[in-house]
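Read the figures in this text as sums done on the coordinates, not as results from a lab. Note that the coordinates shown come from a computational prediction; the quantities given were computed from them, not determined experimentally. Glycine gets a Cβ as well: all are built from the backbone with ideal geometry, and neighbour counts include every protein chain shown.
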Amino acid sequence: MVADRDELIKRLLKRAKLEGRSDDNEESIMNRLDIYEKQTFPILNFYKDRIKIIEIDGIGAINEIHKNVVKALK
């Protein structure tokens, strides 16, 4: 799923507030996103040339994103 970094931070901070999660603060979220970009994203790029990787826009209403995921899996 593809989503803007600022949007991800905003969503995770909102989740932290709603669920009372002390582990979700701006510093820890940014650290996890940095790790993703350094460790996981390169793996996706490696496999993108070898197998079919489907990118789905992660911005928008949850039900619309869900429909796009289901459609991509068919």
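Structure data summary
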| read-out | value |
| --- | --- |
| Boolean, ILE65 is surrounded by 10 or more Cβ atoms within 10 Å (Cβ to Cβ), in contact with a Gly (Cβ under 8 Å, 6 or more places away or on another chain) and closer than 23 Å to ARG15 by Cβ | yes |
| Residue within segment 59-69 that is among the aliphatic types (A, V, I, L, M) and over 26 Å from ALA16 (Cβ atoms) present | no |
| Segment 5-17, subset without any contact (Cβ under 8 Å) to a residue 24 or more places away in the chain and in contact with a helix residue (DSSP H, G or I) (Cβ under 7 Å, 6 or more places away or on another chain), residue surrounded by the fewest Cβ atoms within 10 Å (Cβ to Cβ) | LEU13 |
| Subset of segment 18-57 (residues that are surrounded by 10 or more Cβ atoms within 10 Å (Cβ to Cβ), within 21 Å of ASP6 (Cα to Cα) and basic (Lys, Arg)) | ARG21, ARG32 |
| Residue within segment 37-45 that is closer than 26 Å to LYS67 by Cα and touching a Leu at 6+ places or on another chain (Cβ under 7 Å) present | no |
